[in-house]
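K.L.:
Provided herewith is a single structure, encoded as structure tokens, for subsequent inquiry.
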Amino acid sequence: MLHNIVDAGDEDRVVESVFASRYTSASVPKYRIGKDGIPKEAAYQMIHDELLLDCNPRLNLASFVTTWMEPECDQLIMESLNKNYIDIEEYPITNDLQERCVNIIANLFHAPLGESEGAVGVGTVGSSEAIMLAGLAFKRQWQNKRKAQGKPYDKPNFVCGSEVQVCWEKFSNYFEVETRFVNVKEGSFVMDPHEAVEAVDENTICVAGILGSTYNGEFENIKLLNDLLAEKNAKTGWDTPIHVDAASGGFVAPFLFPDLEWDFRLPLVKSINVSGHKFGLVYPGVGWVVWRSKADLPEDLVFHVNYLGADQPTFTLNFSKGASQLIAQYYQFIRLGFEGYRKIISNCHANAAYLRQEIVDMGCFDIYSKEVGVPLVTFGLKDRSNFTEYEIADLLKQFGWIVPAYTMAPDLEHVTMLRVLVREDFSRSLADRFFSDLKMTVKILEDRAAQLPRPLAPATAADAPAAAAEAAAAVAHPPAPAAAAPAAGKKLARNLADDEKYTFSPIAGTRLMPPNQGVEHTHSPDPSALRQRTFRVFKKNSIAKTNGVC
């Protein structure tokens with residue numbers, strides 16, 4: 001409870017509690033700035049209380065983003081919140097820390113650097129900005145080459161899988177580069193390298209490979225993509241390069257799958273982006289893009305300014321930016337080292353494998369995530385006739401968990417899945433708690449579905465006239481209730497009609513009857529619509545332990 005709030009209406013009177021002040025009984029300004037201010041304690045309390053309605057970030061299993069850091073790093077972040085990273089003349093040490101991070105990442109990704117050669121890269125606000133910068137570099141490289149050859153340079157394109165994150169579509173739209181999507185297929189939720197290379201032509205600025213699909217965490221086969229593209233380049237005389245979007249997997253693969261070739265070990269990989277705020281283990285607000293060499297970043301994209309006191313090269317989409325997340329990234333690098341990262345990512349992978357097996361053992365889910373990929377579990381129902389993934393996601397919120405339900409990329413929109421991110425702070429005990437709540441959720445939905453009226457076989461077209469007449473008669477002259485209807489049936493009838501008689505449903509052509517007598521249709525309505533209309537009847541659901549059998 002906050003104390004010592006002076007009420008502006010009576011300067012001599014000290015309010016003992018913020019909740020005893022007039023500020024908690026009046027609405028705060030929402031869309032226009034208020035005429036007068038309010039005490040700092042009241043402002044804090046009102047905003048703090050509103051934010052209580054947000055979910056708990058650590059239970060947000062939808063997000064790839066880091067939700068926990070050590071207190072010592074939190075302190076460093078607080079100490080550097082007022083530093084503008086772009087002011088390298090004023091904050092030279094902060095700039096030096098960024099350069100160290102760029103070199104650490106470039107070496108982690110096997111950039112072919114000389115003994116005293118510095119890496120080429122920059123810190124960004126996330127992988128979206130990093131991808132924009134990498135895409136611009138590819139576009140400018142291609143344009144410059146086409147101009148030198150006297151060829152048209154007005155129709156650039158790039159090739160990627162349809163499972164890419166939306167930032168690639170933003171790049172295409174904002175910077176007018178055609179996107180050539182390679183759509184995913186049944187049994188393969190990532191881009192086929194053969195189809196990708198087939199889509200390449202002389203106007204292709206790059207092929208984007210994904211190391212960690214947003215949909216199911218799967219890694220694309222960058223090595224095969226490199227080999228196939230090298231063959232095509234040799235035949236055509238082109239030099240089409242590869243960019244690797246390693247936003248999710250860039251801080252996973254080096255520690256879990258060190259022998260996997262996806263980075264600068266492949267000669268056509270010219271740039272890589274990675275999110276520091278995902279498995280780089282830093283709070284939201286930091287990403288990175290690194291280039292293979294200085295030759296892969298056109299000099300005419302780098303601006304030089306001196307109005308902050310010295311010549312400053314800059315290649316970013318924005319200018320001012322807080323330095324705290326860059327500093328936090330360097331803290332993690334020196335605090336954890338390679339072995340620390342390896343242990344943390346290995347724990348994430350082990351907990352994901354554990355949760356995956358528990359979900360498999362339930363028997364009602366298909367698993368869509370892969371063993372080699374980002375530590376997460378994606379899964380979907382084998383049978384959606386009684387309830388859907390969206391209903392599971394909605395009910396899990398009542399236990400505090402945020403789990404997204406969504407459809408797969410184009411050509412596989414009929415596949416619906418749920419995704420659980422296994423981050424550093426998702427321990428085995430939390431995995432057990434989540435699995436217990438998932439089983440309870442499925443049990444509740446199963447019980448609810450079992451109490452719903454069951455549809456009979458749909459009527460045929462030949463039966464339609466007679467069925468329509470029967471339905472009309474039922475509306476005009478509803479039959480009397482069955483003499484020996486079971487209690488459950490009477491309860492259903494009472495909920496649907498005050499006179500305890502059979503009721504014509506709002507769903508056209510459907511007459512609701514006691515559960516033991518089923519539902520009669522004059523035509524076949526959408527079963528999901530029937531469930532939605534009748535859920536209100538069953539306000540009490542038995543909650544019991546389940547062995548997970550769906």
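The values are calculated or read from the model by the stated rules, or taken from the named source; none is laboratory data. Just so we're clear, the structure is a prediction, and the values are computed from it rather than from any experiment. Virtual Cβ from ideal backbone geometry, glycine too; neighbours counted across all protein chains shown. Quick note on the areas: whole protein, heavy atoms, side chains included, nothing else; ligands and nucleic acids left out. Shrake-Rupley method; radii C 1.70, N 1.55, O 1.52, S 1.80 Å.
K.L.:
Going by the structure shown, is Ile86 closer than 19 Å to Phe338 by Cα, of a type in the set (Val, Ile, Thr) and under 33 Å from the mean Cα position of the chain (by Cα)? Spell out the reasoning first.
P.N.:
Numbers: closer than 19 Å to Phe338 by Cα: no; of a type in the set (Val, Ile, Thr): yes; under 33 Å from the mean Cα position of the chain (by Cα): yes.
No.
K.L.:
Let me ask another. Do any strands (runs of 3 or more DSSP E) entirely within region 347-423 hold 3 or more residues that are out of contact with any Pro (no Cβ under 7 Å at 6 or more places or on another chain) and open to solvent by less than 50 Å² (accessible area, probe 1.4 Å), and if so, which? I'd like the intermediate steps shown before the answer.
P.N.:
Values: elements: 365-367, 376-381, 405-407, 416-421.
Because the criterion is at least 3 residues that are out of contact with any Pro (no Cβ under 7 Å at 6 or more places or on another chain) and open to solvent by less than 50 Å² (accessible area, probe 1.4 Å), the strands (runs of 3 or more DSSP E) in region 347-423 that meet it are 376-381, 416-421.
K.L.:
Moving on. In region 247-328, which strands (runs of 3 or more DSSP E) lie fully inside it and hold 2 or more residues that are under 17 Å from Glu99 (Cα atoms)? So that I can check it myself, show each step before the final result.
P.N.:
On the way: elements: 269-275, 287-291, 303-305, 312-314.
Per the criteria, 269-275, 287-291, 312-314.
Residues checked against (1) more than 18 Å from Ser369 (Cβ to Cβ); (2) among the aromatic types (Phe, Trp, Tyr):
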{"site": "Gln165", "(1), (2)": "no, no"}
{"site": "Tyr174", "(1), (2)": "yes, yes"}
{"site": "Thr179", "(1), (2)": "yes, no"}
{"site": "Thr204", "(1), (2)": "yes, no"}
{"site": "Gly249", "(1), (2)": "no, no"}
{"site": "Arg265", "(1), (2)": "yes, no"}
{"site": "Ile272", "(1), (2)": "yes, no"}
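K.L.:
Of the conditions (1) in contact with a helix residue (DSSP H, G or I) (Cβ under 8 Å, 6 or more places away or on another chain); (2) open to solvent by less than 10 Å² (accessible area, probe 1.4 Å); (3) in contact (Cβ under 8 Å) with a residue 40 or more places away in the chain, Ser213 fails just one. Which one is it?
P.N.:
(1)
K.L.:
Can you spot a residue in region 444-451 that is open to solvent by 40 Å² or more (accessible area, probe 1.4 Å), hydrophobic (A, V, I, L, M, F, W, C), assigned to a helix (DSSP H, G or I) and modelled with pLDDT of 95 or more? Outline the logic, then answer.
P.N.:
Initial filter on region 444-451 (open to solvent by 40 Å² or more (accessible area, probe 1.4 Å)): 446, 448, 450-451.
Keeping just the survivors that are hydrophobic (A, V, I, L, M, F, W, C) gives 450.
Imposing the further condition that a residue be assigned to a helix (DSSP H, G or I) reduces the set to 450.
Those still in the list that are modelled with pLDDT of 95 or more too: none.
Checking region 444-451: not a single residue is open to solvent by 40 Å² or more (accessible area, probe 1.4 Å), hydrophobic (A, V, I, L, M, F, W, C), assigned to a helix (DSSP H, G or I) and modelled with pLDDT of 95 or more.
K.L.:
Hey, another quick one. Looking only at helices (runs of 4 or more DSSP H) that fall completely inside region 158-236, which ones have 3 or more residues that are touching a strand residue (DSSP E or B) at 6+ places or on another chain (Cβ under 7 Å)? Walk me through how you get there before you give the answer.
P.N.:
Details: elements: 166-174, 193-198, 222-236.
Fully inside region 158-236 and qualifying: 166-174, 222-236.
K.L.:
May I ask you to say which residue of Glu99, Glu117 is open to solvent by 60 Å² or more (accessible area, probe 1.4 Å) and assigned to a loop (DSSP other than H, G, I, E, B)?
P.N.:
On the way: Glu99 fails: assigned to a loop (DSSP other than H, G, I, E, B).
Answer to the check: Glu117.
K.L.:
Sort out which residues of region 1-25 are at pLDDT 80 or above, open to solvent by 60 Å² or more (accessible area, probe 1.4 Å) and part of a loop (DSSP other than H, G, I, E, B), and write them in order of number.
P.N.:
None - no residue of region 1-25 is at pLDDT 80 or above, open to solvent by 60 Å² or more (accessible area, probe 1.4 Å) and part of a loop (DSSP other than H, G, I, E, B), so the list stays empty.
K.L.:
Return a yes/no flag: does region 60-76 have any residue that is touching a residue at least 12 places away in the same chain (Cβ under 8 Å), closer than 22 Å to Val164 by Cβ and in a helix (DSSP H, G or I).
P.N.:
no
K.L.:
Do we have Gly337 as surrounded by fewer than 13 Cβ atoms within 10 Å (Cβ to Cβ) and either of a type in the set (Ser, Thr, Tyr) or modelled with pLDDT of 95 or more (or both) here? Before you say what the answer is, go through the steps one by one.
P.N.:
Working: surrounded by fewer than 13 Cβ atoms within 10 Å (Cβ to Cβ): yes; either of a type in the set (Ser, Thr, Tyr) or modelled with pLDDT of 95 or more (or both): yes.
Against the criterion (surrounded by fewer than 13 Cβ atoms within 10 Å (Cβ to Cβ) and either of a type in the set (Ser, Thr, Tyr) or modelled with pLDDT of 95 or more (or both)), Gly337 qualifies.
K.L.:
So, in region 43-59, how many residues would count as being open to solvent by less than 70 Å² (accessible area, probe 1.4 Å) and either under 17 Å from Gly217 (Cα atoms) or acidic (Asp, Glu) (or both)?
P.N.:
Total satisfying the criteria: 1.
K.L.:
Would you confirm whether any residue within region 64-85 is over 30 Å from His304 (Cα atoms), surrounded by fewer than 15 Cβ atoms within 10 Å (Cβ to Cβ), hydrophobic (A, V, I, L, M, F, W, C) and at pLDDT below 90?
P.N.:
The answer is no; no qualifying residue exists.
K.L.:
From the list Gly135, Gly161, Gly121, Gly126, which one is in contact with a His (Cβ under 8 Å, 6 or more places away or on another chain), in contact (Cβ under 8 Å) with a residue 12 or more places away in the chain and under 23 Å from Arg265 (Cα atoms)?
P.N.:
Working: Gly161 fails: in contact with a His (Cβ under 8 Å, 6 or more places away or on another chain); Gly121 fails: in contact with a His (Cβ under 8 Å, 6 or more places away or on another chain); Gly126 fails: under 23 Å from Arg265 (Cα atoms).
Unique residue meeting the criteria: Gly135.
K.L.:
Taking region 125-159 as the search range and keeping residues that are crowded, with 16+ Cβ neighbours inside 10 Å and small (Gly, Ala, Ser), which one is farthest from Phe175 (Cα to Cα)?
P.N.:
Gly126
K.L.:
Tell me which residues, restricted to region 280-295, are out of contact with any His (no Cβ under 8 Å at 6 or more places or on another chain) and either more than 16 Å from Pro313 (Cβ to Cβ) or among the hydrophobic types (A, V, I, L, M, F, W, C) (or both). Let's see the steps before the verdict.
P.N.:
Residues of region 280-295 out of contact with any His (no Cβ under 8 Å at 6 or more places or on another chain): 280-282, 288-295.
Those that are out of contact with any His (no Cβ under 8 Å at 6 or more places or on another chain) and either more than 16 Å from Pro313 (Cβ to Cβ) or among the hydrophobic types (A, V, I, L, M, F, W, C) (or both): Gly280, Leu281, Val282, Trp288, Val289, Val290, Trp291, Arg292, Ser293, Ala295.
K.L.:
Looking for something closer than 26 Å to Ile131 by Cα, open to solvent by 30 Å² or more (accessible area, probe 1.4 Å) and either of a type in the set (Phe, Trp, Tyr) or modelled with pLDDT of 95 or more (or both) - is there at least one such residue anywhere in region 300-314?
P.N.:
yes
K.L.:
Output the number of residues of region 424-436 satisfying the condition of being open to solvent by 10 Å² or more (accessible area, probe 1.4 Å) and over 14 Å from Phe365 (Cα atoms). First the steps, then the outcome.
P.N.:
Restricting attention to region 424-436, the residues satisfying the condition of being open to solvent by 10 Å² or more (accessible area, probe 1.4 Å) are 424-425, 427-430, 432-433, 435-436.
Filter again for over 14 Å from Phe365 (Cα atoms), leaving 424-425, 427-430, 432-433, 436.
Of the residues in region 424-436, 9 are open to solvent by 10 Å² or more (accessible area, probe 1.4 Å) and over 14 Å from Phe365 (Cα atoms).
K.L.:
What do you reckon, is Ser188 open to solvent by 10 Å² or more (accessible area, probe 1.4 Å), modelled with pLDDT under 95, under 26 Å from the mean Cα position of the chain (by Cα) and of a type in the set (S, T, N, Q)?
P.N.:
Spelling it out, Ser188 is indeed open to solvent by 10 Å² or more (accessible area, probe 1.4 Å), modelled with pLDDT under 95, under 26 Å from the mean Cα position of the chain (by Cα) and of a type in the set (S, T, N, Q).
K.L.:
Further, regarding this structure: I'd like to know if region 109-119 contains one or more residues that are within 29 Å of Glu202 (Cβ to Cβ), over 32 Å from the mean Cα position of the chain (by Cα) and not charged (D, E, K, R).
P.N.:
The initial filter retains those residues of region 109-119 that are within 29 Å of Glu202 (Cβ to Cβ), namely 109, 111-112.
Right, trim to over 32 Å from the mean Cα position of the chain (by Cα) and you get 112.
Keeping just the survivors that are not charged (D, E, K, R) gives 112.
Yes.
K.L.:
Sticking with this structure for a sec: Residue under question is Lys439, and the condition is that it be of a type outside the set (Val, Ile, Thr), assigned to a loop (DSSP other than H, G, I, E, B) and open to solvent by 10 Å² or more (accessible area, probe 1.4 Å); does it hold? Step through it out loud before you land on a result.
P.N.:
On the way: of a type outside the set (Val, Ile, Thr): yes; assigned to a loop (DSSP other than H, G, I, E, B): no; open to solvent by 10 Å² or more (accessible area, probe 1.4 Å): yes.
So Lys439 does not fit the description; no.
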